[in-house]
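Note sheet for the following structure.
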Amino acid sequence: MKELSLHILDVAENGINAGADRIRVSVVEAGKENRLQITIADNGRGIPADLVHHITDPFYTTRTTRRVGLGLSLLKAAAQHCNGAMRVESIEGKGTTIVAEFEYDHIDRAPLGDMSGTLLSLIMGYPDIEFEYSHQVESRRFEMKTMDIKNMFDGRAVSDPDVFRKLRQILQDGFTLLRGPG
Amino acid sequence: MARLTIDDLKKVKEKTAKETSLRLGSASIKIMVHMGTCGIAAGARDVMNALMDEMAETDRHDIRVVASGCMGMCSSEPNVTIEADGEEPIVYQLMDANKMRQVFKRHVLLGEVQTDFALAKM
């Protein structure tokens, strides 16, 4: 994947496929500590304890349509290439949390990329799922919840052009704020 | 005669909202962007973003966009399936933002299947 935000899009979908109705994504950019951390947590059905160690094995999948499962393997490899690591915490019946850490200024670290595009794709593509996003760059912080936006529009669908434009504006403002002055 | 209260108005609003959402539920055209790992790596997010921009421009409320997983044809990703009521679903292959805009304007809005980009009729 060319961007870390594409990994986020991909891994968030794992949670949705696991029956989650709420996905929480957090990005922490701590340049001073030379660390970038991505957390993706879902409230899906979780992974049975005896399968957790299999899930980053690209040739292990519970799917029957094909024999490979690449999403998490790719994220793990990306993190490891940057002196980082990925860990999986899962409780059956409660959900799964994926935490990936990268060395912030590692030459092989892919850029975060179009995070706004990832969030819009998730929110529009899965209108029934609630997303919570938080992003921290040093001391600046941006948070959004789809629930708040839906409340703002009295439960109108996110596919409604007015809601979509507002959402896009909120994200654009949020990421401008994060990049800070200059 | 009893006066209309704020609560009454809220009830009317909720009822209308419910009816509208039911109507929206039976969308006449469904656009499915396949966003498995393979699709995402091949550029499905750009396709989705182009589609959302087109959606924001139109005033049609009977079009529904959904994301879905891999359908097993990873080498032809990004794939987009268009299901119009009463017609066979059309799967488009090797999509990009420009092709998506053309498919939206021609196929979704006007009903002209863009056979050049199509992979198959399902």
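The values are calculated or read from the model by the stated rules, or taken from the named source; none is laboratory data. The structure presented is a predicted model; accordingly, all values stated were derived computationally and were not measured. Note that we place each Cβ from the backbone using ideal geometry, even for glycine, and neighbour counts take in every protein chain shown.
Tabulated values for the structure
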item	result
Meets criteria (basic (Lys, Arg), over 17 Å from the mean Cα position of the chain (by Cα) and modelled with pLDDT of 85 or more) for A:Lys76	no
Residue in segment A:18-25 that is within 13 Å of another protein chain (Cβ to nearest Cβ) and under 18 Å from B:Gly39 (Cα atoms) present	no
Residue within segment B:44-53 that is assigned to a strand (DSSP E or B), over 14 Å from B:Val108 (Cα atoms) and at the interface with chain A (Cβ under 9 Å from one of its Cβ atoms) present	no
Residue in segment A:38-59 that is modelled with pLDDT of 90 or more, in contact with a Leu (Cβ under 6 Å, 6 or more places away or on another chain) and of a type outside the set (A, V, I, L, M, F, W, C) present	no
Wholly within segment A:64-182, helices (runs of 4 or more DSSP H) carrying at least 1 residues that are at the interface with another protein chain (Cβ under 10 Å from one of its Cβ atoms) and surrounded by 14 or more Cβ atoms within 10 Å (Cβ to Cβ)	A:71-81, A:115-125, A:161-179
Some residue of segment A:41-50 being surrounded by fewer than 21 Cβ atoms within 10 Å (Cβ to Cβ) and free of Cβ contacts under 8 Å to residues at least 24 places away in the same chain	yes
Test: B:Gly39 is in contact (Cβ under 8 Å) with a residue 40 or more places away in the chain and either at the interface with another protein chain (Cβ under 9 Å from one of its Cβ atoms) or surrounded by 19 or more Cβ atoms within 10 Å (Cβ to Cβ) (or both)	yes
Residue check for A:Gly15: under 19 Å from B:Ile40 (Cβ atoms), within 14 Å of another protein chain (Cβ to nearest Cβ), in contact (Cβ under 8 Å) with a residue 60 or more places away in the chain and out of contact with any strand residue (DSSP E or B) (no Cβ under 9 Å at 6 or more places or on another chain)	no
In segment B:54-82, the residues that are in a helix (DSSP H, G or I) and either under 14 Å from B:Val108 (Cα atoms) or at the interface with another protein chain (Cβ under 7 Å from one of its Cβ atoms) (or both)	B:Glu54, B:Met55, B:Ala56, B:Glu57
Subset of segment B:6-36 that is facing chain A (nearest Cβ under 9 Å) and more than 20 Å from A:Asp162 (Cβ to Cβ) - its residue that is modelled with the highest pLDDT	B:Val33
Selection from segment A:43-60 of residues that are assigned to a loop (DSSP other than H, G, I, E, B), within 29 Å of A:Asp128 (Cβ to Cβ) and within 21 Å of the chain's Cα centre (by Cα)	A:Asn43, A:Gly44, A:Arg45, A:Gly46, A:Ile47, A:Ile55, A:Thr56
Residue count for segment A:99-146, restricted to those that are in contact with a Ser or Thr (Cβ under 7 Å, 6 or more places away or on another chain), under 12 Å from A:Ser26 (Cα atoms) and of a type in the set (A, V, I, L, M)	2
Selection count, segment A:18-34, where residues are in contact with a Gly (Cβ under 9 Å, 6 or more places away or on another chain) and loosely packed, with under 15 Cβ neighbours inside 10 Å	2
Residues of segment B:42-69 classified as among the hydrophobic types (A, V, I, L, M, F, W, C), modelled with pLDDT under 90 and surrounded by fewer than 20 Cβ atoms within 10 Å (Cβ to Cβ), total	1
Single unsatisfied condition, A:His54 versus (1) within 14 Å of another protein chain (Cβ to nearest Cβ); (2) surrounded by fewer than 17 Cβ atoms within 10 Å (Cβ to Cβ)	(1)
